[in-house]
Amino acid sequence: MDTVTHGVVALAVQSRGQAEVFCSGSLLAPNLVLTARHCIAQIGDGSSEQVNCSSSQFTALYAASTIFVSADAQPQQSKGTLYPVQQIMQAPGSTAVCGFDVALLILSGSGIPNSVATPIVPVLDTPTLTATVFSAVGYGLQNPNDTQGTTVGSRMRFDSASVYCVAENCPAAAQNEADEWVGNSPVCSGDSGGPALDKQGRVFGVTSRGDSACSYALYSNVANWADFIRSTVLKAATAGGYFPPAWASAPIGDAGLAEPDAGSSANRGGTDSGGASSVDADAGAAPPPVQAATPTVNPLGQQCAGSGDCPGVYQCFSATNSPPGICVPRCGASGSTCPAGYSCSSSLQVCVPSQDLADAHSTSCALRTTRAPTNNAGWAALLVLCCTWFVVGVAGRHETRAHRLRRTERDAALPTGRCERCRPLVWTRQSLAFWVVRGTFSRWLRSVQHLARHAH
């Protein structure tokens with residue numbers, strides 16, 4: 001349990017006299033919380049957690065007056081102070097779930113005192129890079145198989161998460177938008193809205209959605225919403241009666257910070273409130289659901305050319321032993337962990353379509369790379385043989401010159417007749433050794449070249 005990162009807060013509703021945690025967030029200022037938009041707005045008709053980027057939309061908003069924030073490590077047990085939400089600011093530009101899953105909550109009054117929680121600085125002017133190591137923090141489930149929500153509500157921190165891919169560099173199976181990135185982080189339901197923290201403890205990603213196995217997550221890139229965040233913190237500072245934080249002002253002439261692409265979806269929201277819709281405490285028809293939930297994505301069945309195209313615990317499986325394949329989850333010895341229509345291959349340790357299970361032991365494979373490894377082996381063997389051939393050739397020529405020198409010395413010491421009789425024999429022995437070795441390697445070289453050409 002994380003009892004240190006007080007700037008990561010829980011979003012909760014009051015039920016039966018106690019707090020019920022349903023999401024996470026980052027305290028950016030005493031009265032301003034950054035979280036996921038789906039934490040404060042319903043997706044579709046609310047009947048499914050599955051997100052389809054081509055159709056999923058935000059619909060009904062939850063009542064701001066029913067949402068509270070806690071900085072405690074275990075709000076459901078501590079019965080500590082709950083800070084009410086005064087106003088909700090939604091990401092401007094669209095009601096689409098994918099690419100717009102960001103919201104800001106303005107708390108009532110002056111918000112959370114510094115003695116209780118220290119605000120977290122957002123990363124607004126630096127791009128996210130692949131392979132960046134970060135800490136994932138949230139109040140979500142600690143067991144993806146927990147359907148009763150008994151493990152939710154404790155702040156947990158995972159410090160070995162890493163950025164898998166960013167924006168358009170992600171494979172299609174990741175199902176992310178241009179202002180989102182994918183992280184290898186074990187986030188679950190209830191972690192939504194929680195931060196990705198860099199080594200300096202700054203938030204650069206907001207947890208949006210993940211797979212049902214809690215093996216990876218999609219994050220909204222904070223820097224893409226710089227204008228929206230800056231304009232809202234100015235409004236929150238006025239309401240809370242404090243000076244805006246230093247990061248609220250855009251950097252001027254800072255050559256050390258890389259600006260996002262002008263043609264991308266960076267800095268959405270303009271220079272003011274950016275068209276962001278706000279919801280006061282009395283607005284909204286219903287409170288958020290009590291049970292924690294995170295929208296899910298499912299790469300199962302997505303086309304792939306190698307396992308690098310499949311995020312999280314998914315591998316690229318091909319029934320024909322060659323690309324293209326489909327993304328399938330890993331599994332244990334039992335097929336109970338496989339989706340419907342899939343069975344666990346004990347030899348490959350992945351879930352394969354049930355109709356392909358009989359052949360999975362002999363003709364199928366979990367593709368590891370987009371190119372067959374035999375090609376690399378062939379070129380490596382070719383390189384080794386070329387080097388060997390060169391060394392043998394040089395050594396052979398050197399040996400021949402040495403023997404010629406020794407023969408010249410013997411010519412001076414031996415009778416002419418004997419030297420004339422032995423000269424052909426000496427030359428033949430050296431020539432034979434050299435040319436046999438060289439000829440053997442030449443034949444091997446031609447064979448490897450032939451195999452290399454046909455490997456492509």
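Read-outs: derived from the displayed coordinates by stated rules, not from any lab. Worth saying up front: this structure is predicted, and the values here are computed from it rather than measured. Glycine also receives a Cβ, built like all others from the backbone with ideal geometry; neighbour counts cover every protein chain displayed.
A few notes on this one:
- Inter-label distance for M1 and F158, nm, one decimal - labels placed 7 Å from Cα along Cα-to-Cβ: 2.0 nm
- For H6, H38, order by how many other beta-carbon atoms lie within 10 Å, fewest first: H6, H38
- Modelled this way, with points 7 Å down the Cα-to-C-beta line, the labels at S354 and S442 are 6.3 nm from one another.
- log₁₀ of I(q)/I(0) at q = 0.12, 0.15, 0.20, 0.27 Å⁻¹ - segment 136-219, Debye sum with one point per alpha carbon: -0.32, -0.50, -0.85, -1.35
- Shape of segment 27-168, Cα gyration tensor, a/c cut at 1.5: rounded
- Measuring r between the beta carbons of A250 and E49 and using R0 = 35 Å, the FRET efficiency lands at 0.40.
- Least to most buried among D146, D159 (fewest other Cβ within 10 Å first): D159, D146
- Available extension along the chain between T81 and A286 is 71.5 nm, counting 0.36 nm per residue and deducting the alpha carbon span.
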